[in-house]
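Colleague: What follows is a structure written as structure tokens; I'll ask about it next.
The values are calculated or read from the model by the stated rules, or taken from the named source; none is laboratory data. Bear in mind that the values here come from a model prediction, so they are computed numbers and not experimental data. Positions of Cβ are backbone-derived with ideal geometry, glycine not excepted, and every protein chain shown enters the neighbour counts.
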Amino acid sequence: MHQVSELDASFLYLETDRAPLHVGGAFVFKKKSARSKFNFIRFRTLLGAKLNQERFFRHRIVESTLNLELPLWAEDPDFDLDYHLRYTSLSDHPGTARLNDLTAEFFSKPLNRQKPLWRVTYVDGLEQDSEYSKQHFALLIKVHIAAIDGNTGEDILSQLLKVSPEEEMLDEPEAWQPQPLPKQGNWLDEAYNNAFTIPKKIAHLARDTASSAFYSVLFDRLQRLNLPKSLMSVPLTPVNQPVSNKRAIDSMCVSAHEIRAIRQALHDVTTNDIIMGICAEALRHYLLDASPSFPKAPMIALSPISVRSTSLEVKTGNQLAANLFSLATLEKNPLKRIRKIHRAAQSSSHYDAAISASRLTELTPSCMSALSARVYSEFLLAQKHKPMFNLPITNIPGPQFPLYIEDNELTRHICASPLFDGLGLGITIISYSGEFSITTTYCPELVDTDKKFSRYLEEALARIKEYKEAEENEPKAAPNNQTGLIEDVVGLVSNLFSSTEKDEEKNSRQE
């Protein structure tokens, strides 16, 4: 039994029925052959053998009366694996022909806080979805952000994936012998004894929440610059409204070969710049369809990145940082926009320190997705003060080789993003085994257009290819080294944390 950290408690307090703060998604596997004997029973056995490896599997939240104390993590004496692990077939849902729709329904429902904060559904019958065959099955997974280890990001899928297709030899699971839950009476006495310290604890919670700290530092720095207020005004778009409890999940895949061809044609840009450019192009055309008047300021995205050193001897997520940057949605030319995104990224001090994709693959994509969601969720309090970005875009470099559960190959990630009032759209990109999977999670009432968001992404990629071909046939123009003022300001925002850290280090040396 131990107390929930103040940051994790803030995630619990921020959560509502309309905005559950869990991470996960759908993970599609393909069996080795049609004769494979792997099934739900075998998967249940595999998962049951892993329950002792991570605390979150069998620990639940225990909240104090009136929330006078931070909640506790305690062993669940009533733990039942069959509550957390369910079986279904896509054919059992006659109104749902797509795995994405079933995933959206699964992801829209909050977790029961009287139980450990995770759920898994094994899905058969994927041949009902035209994208899959009888050899495919899927795992729908959700884990509360507060239950994710902030250092490692270890989650359910990371316990199961292997780099080679082989049957796992399992040890006999240990008997579950939980401690009883804490008695409410004793805890209530302690809470009342500490009643006079509650205001201090609340202030400490706010102070230690990264979102509040970021907002305070940002506001102070920008005030000193005396910049026009309009430069740092995040545009109000249709997705920056209160969300409902409904979710839509949509995804598309693009080969790494296609992205590589665009990068080689544009020369001094990165793969990440091109992926962000595709998202920005899709967002621009979505706004043209959805907004009565096009926003006069570019959309701002928040992107969690890793700034760990090149040594990854210990897996750790506490050096993930959040980078704010302009999506340059006012720019009509998608290639010019990609170059602007690149310049804005270079202006961040995190850019050179960001760990390379080859090193990040020590963590499974699901771990990185969970850690990234924790990072941008820390900014939710700042969003309640004043919106600082329009949406999170998380680009996760995964391994470029297959991963397996026994001899079943992981073929597709559909990673969902937690939404919040004012953040009605999130985009997660996973690169894995030569392919990029781009998943959008959104509130359908806010993204209310005639086409799915994946269609905007597909059209964006096609337009970028067309512009690339046209540019290749044009004479080369002199380079323009000027960047817009908004990109410079966003670069300043991205540097706030690092410059603050340097100031503090300098002051400590002088003392």
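Colleague: Given the range 396-466, what strands (runs of 3 or more DSSP E) lie entirely inside it while holding 3 or more residues that are under 21 Å from the mean Cα position of the chain (by Cα), closer than 15 Å to Tyr286 by Cα and of a type outside the set (Ser, Thr, Tyr)?
Modeller: 425-432
Colleague: Is there a residue being free of Cβ contacts under 8 Å to residues at least 60 places away in the same chain, surrounded by 14 or more Cβ atoms within 10 Å (Cβ to Cβ) and in contact with a strand residue (DSSP E or B) (Cβ under 7 Å, 6 or more places away or on another chain) anywhere in the range 62-80?
Modeller: Among the residues of the range 62-80, not one is free of Cβ contacts under 8 Å to residues at least 60 places away in the same chain, surrounded by 14 or more Cβ atoms within 10 Å (Cβ to Cβ) and in contact with a strand residue (DSSP E or B) (Cβ under 7 Å, 6 or more places away or on another chain), which makes the answer no.
Colleague: Follow-up question, since we're still on this one. Does the range 216-244 hold any residues that are surrounded by 14 or more Cβ atoms within 10 Å (Cβ to Cβ) and at pLDDT 85 or above, and which are they?
Modeller: Passing the criteria: Pro235, Leu236, Thr237, Pro238, Val239, Asn240, Gln241, Val243, Ser244.
Colleague: Among the aromatic types (Phe, Trp, Tyr), in a loop (DSSP other than H, G, I, E, B) and out of contact with any Gly (no Cβ under 6 Å at 6 or more places or on another chain): which single residue out of Phe27, Phe56, Phe38 fits that description?
Modeller: One residue alone meets the criteria, Phe38.
Colleague: Take the residues of the range 40-61 that are out of contact with any strand residue (DSSP E or B) (no Cβ under 8 Å at 6 or more places or on another chain) and not β-branched (Val, Ile, Thr): which is modelled with the highest pLDDT?
Modeller: So, considering only residues that are out of contact with any strand residue (DSSP E or B) (no Cβ under 8 Å at 6 or more places or on another chain) and not β-branched (Val, Ile, Thr), the one modelled with the highest pLDDT is Arg42.
Colleague: Pull up the range 1-33, narrow it to residues that are over 30 Å from Pro180 (Cβ atoms) and hydroxyl-bearing (Ser, Thr, Tyr), then point me to the one that is surrounded by the fewest Cβ atoms within 10 Å (Cβ to Cβ).
Modeller: Ser33
Here's the yes/no breakdown for (1) in a helix (DSSP H, G or I); (2) assigned by TED's automatic domain parsing to the domain that holds Pro71; (3) modelled with pLDDT of 90 or more:
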| site | (1), (2), (3) |
| --- | --- |
| Arg86 | no, yes, yes |
| Gly95 | no, yes, no |
| Asn100 | yes, yes, yes |
| Pro116 | no, yes, yes |
| Thr121 | no, yes, yes |
| Val143 | no, yes, yes |
| Leu170 | no, yes, no |
| Pro173 | no, yes, no |
| Pro178 | no, yes, no |
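Colleague: Kindly indicate the residue of the range 261-282 that is acidic (Asp, Glu) and assigned to a helix (DSSP H, G or I) and also modelled with the highest pLDDT among those meeting that condition. Let's see the steps before the verdict.
Modeller: Restricting attention to the range 261-282, the residues satisfying the condition of being acidic (Asp, Glu) are 268, 273, 281.
The next check asks that each one be assigned to a helix (DSSP H, G or I); those that pass are 273, 281.
Numbers: Asp273: 93, Glu281: 98.
Of everything passing the filter in the range 261-282, Glu281 is modelled with the highest pLDDT.
Colleague: Check off (1) at pLDDT 80 or above; (2) touching a strand residue (DSSP E or B) at 6+ places or on another chain (Cβ under 7 Å) for Ala321 and give me the number that stays unchecked.
Modeller: (1)
Colleague: In addition: Looking at the range 81-103, can you tell me whether even one residue there is closer than 30 Å to Trp176 by Cβ and aliphatic (A, V, I, L, M)?
Modeller: Checked against the condition, which is being closer than 30 Å to Trp176 by Cβ and aliphatic (A, V, I, L, M), the range 81-103 yields at least one hit.
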